[in-house]
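One structure is given here, and the rest of the page talks about it.
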Amino acid sequence: MAVKIVTDSTSDIPAEIARELDITVVPLLVLFGQESFKDRVDITTDEFYNRLAQGNILPTTTQPHPSVFVDTYQELLKQVDELLVIVLSSKLGGVFRSANNAASIIKGNGHVKVIDSMLATLSLGLVVIEAAKMAQSGMPLNEIAIAVKALIPASNTIVAFDTLKYLSKGGRIGKAQVMLGSRLSVKPVLTFKNGEVSPLTRLRSMSAAADYLYNHVAGIKKIRALGVSHTTARDATDAFVQRLGALYPQDKIYRSSVSPVLGTYMGSNVLSVSFIEEK
């Protein structure tokens, strides 16, 4: 029995990979004042970061209404009988609640299982990609769900920020609150712990932060999947991917831009590395 995989746009999965693996991506919403945009549908990443740089209106975000997930599930259940939905950490937004409520609404019309990833950005994306590969191999829903739950603790993202002002203003700063008030020249490096943002260190420059990210990856004994994402730091990303090629096959490193929804809290000039450790 075929299984389809569903996620949300904060997974930062490259569009071509989503198409190749038949992953359905439900967009969150970005709002500039009264203007509302579906993440990466009505607004591109370039358009978003250009507007963010103008600084006229600070954007906000919201999760899809449960009805959006209901419509998505019903359409997909015309093709298959089972769906696995893997979404943004419930501690970072209401996507899990919307997706889960929608699953309850259509109960009896098909089997829909929703998983709170406790992750965000490409670490969520890597887990979703692994799940989609399992689905394409014919693995049943319950087995995929068990495998995904085992991958989540081995998955993470480390993010080098140019500034924490957007994260602070957006109210998603969590335990990284302790880093506020640092000298402007200091570049914070954050990660996710227990589904929320957590501080790692402060460094003097983005190049030093890139060194930190590289050294962290170098310290992982065996990597199952690896990805690099950015907001506006394309050149730094190119150089970083090339450098990571010494540790992991460069052609297997996923590359992505951070979605407008997450970019609302990350700001510009962000570089991050995501990975799944092989246990």
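When peptides 5-15, 63-73 are ranked by their average number of other Cβ atoms within 10 Å per residue, the highest-first order is 5-15, 63-73.
Toward the positive end of the charge dipole of the chain, with +1 on the Cβ of Lys and Arg and -1 on the Cβ of Asp and Glu, the farthest Cα among Pro249, Phe192, Gly125 is that of Phe192. For Ala2, the residues whose modelled amide H falls within less than 5 Å of its own, excluding neighbours fewer than 5 places apart on the same chain, are Asp81.
The HN-Hα couplings worked out from phi for segment 41-54 by the Karplus form 6.51 cos²θ - 1.76 cosθ + 1.60 (θ = phi - 60°) are 10, 8, 9, 7, 5, 4, 4, 5, 5, 5, 5, 4, 5, 5 Hz, whole numbers, x standing for Gly and Pro.
Once every DSSP H run of n ≥ 4 in the chain is given -39500 (n - 2.57) and the sum is divided by its residues, what mean residue ellipticity at 222 nm do you get, rounded to the nearest 500 deg cm²/dmol?
Numbers: 10 runs with 101 residues, N = 279.
So the calculated ellipticity at 222 nm is -10500 deg cm²/dmol.
3J(HN,Hα) along segment 190-200: 10, 9, 10, 9, 6, x, 9, 5, 9, x, 10 Hz, from the Karplus curve 6.51 cos²θ - 1.76 cosθ + 1.60 with θ = phi - 60°, whole Hz, x for Gly and Pro. Helix 66-76 and the longest principal axis of the C-alpha atoms of the chain enclose an angle of approximately 60°.
Close amide H contacts of Val26 (hydrogens built in the peptide plane, cut-off under 5 Å, sequence separation of 5 or more or a different chain): Thr7, Asp8, Ser9. For segment 38-83, applying the loop criterion from DSSP together with a ceiling of 15 other beta carbons within 10 Å to the GluC sites (Glu not before Pro) yields no site. DSSP finds beta bridges in the chain, and of those with both partners inside it, around 60 percent are antiparallel.
Computed over the chain with a Gaussian network model linking Cα atoms closer than 10 Å, the most mobile of Ser117, Ser257, Ser36 is Ser36. Across segment 21-32, coupling constants 3J(HN,Hα) worked out from phi with the 6.51/-1.76/1.60 Karplus curve, θ = phi - 60°, read 9, 6, 8, 8, 10, 8, x, 7, 10, 10, 10, 10 Hz, and Gly and Pro carry x.
Counting Lys and Arg as +1 and Asp and Glu as -1, each charge on the Cβ, what is the dipole of the chain about the Cα centre in debye, to the nearest 20?
So the magnitude is around 960 debye.
Axis angle, to the nearest 10 degrees, between helix 234-244 and the longest C-alpha principal axis of the chain: 80 degrees.
Of Lys193/Lys279; Lys113/Lys279; Lys78/Lys252; Lys193/Lys222; Lys107/Lys252, which pairs sit farther than 28 Å apart, going by alpha carbon to alpha carbon?
Details: Lys193/Lys279 18 Å; Lys113/Lys279 25 Å; Lys78/Lys252 33 Å; Lys193/Lys222 21 Å; Lys107/Lys252 38 Å.
Beyond 28 Å between Cα atoms: Lys78/Lys252; Lys107/Lys252.
Would you please classify the overall shape of the chain from the alpha carbon gyration tensor, given that a ≥ b ≥ c denote the square roots of the eigenvalues, rounded means a/c under 1.5, and beyond that prolate means a/b larger than b/c while oblate covers the rest? Taking the square roots of the gyration eigenvalues as a ≥ b ≥ c, the chain is oblate. So what's the gap between the Cα centers of segment 203-245 and segment 87-115, to the nearest angstrom? Centre-to-centre (Cα) distance: 33 Å.
These residues, Asp39, Asp211, go from largest to smallest accessible area, 1.4 Å probe, as Asp211, Asp39.
Less than 5 angstrom separates the built amide H of Leu203 from those of Lys187, Val189, all sequence-distant by 5 or more or on a different chain. Think of a 1.4 Å ball rolled over the protein heavy atoms: the chain then has 45 Å² of accessible area per residue. In segment 48-133, what percent of the accessible surface is made up of carbon and sulfur (1.4 Å probe, ligands and nucleic acids excluded)? Carbon plus sulfur share of accessible area: 45 percent. Among the trypsin sites (Lys or Arg not before Pro) in segment 1-103, those placed in a DSSP loop whose Cβ has at most 15 other Cβ atoms within 10 Å are Lys78.
Shape call for segment 1-160 from the C-alpha gyration tensor, a ≥ b ≥ c root eigenvalues: rounded (a/c under 1.5), prolate (a/b greater than b/c) or oblate?
Working: a/c = 1.94, a/b = 1.52, b/c = 1.28.
Verdict is prolate for segment 1-160.
The values are calculated or read from the model by the stated rules, or taken from the named source; none is laboratory data. Worth saying up front: this structure is predicted, and the values here are computed from it rather than measured. So basically every Cβ, Gly included, is an ideal-geometry build from the backbone, and we count neighbours across all protein chains shown. Note: accessible area is taken over every heavy atom of the protein model, side chains too, but ligands, DNA and RNA are not part of it. Shrake-Rupley method; radii C 1.70, N 1.55, O 1.52, S 1.80 Å.
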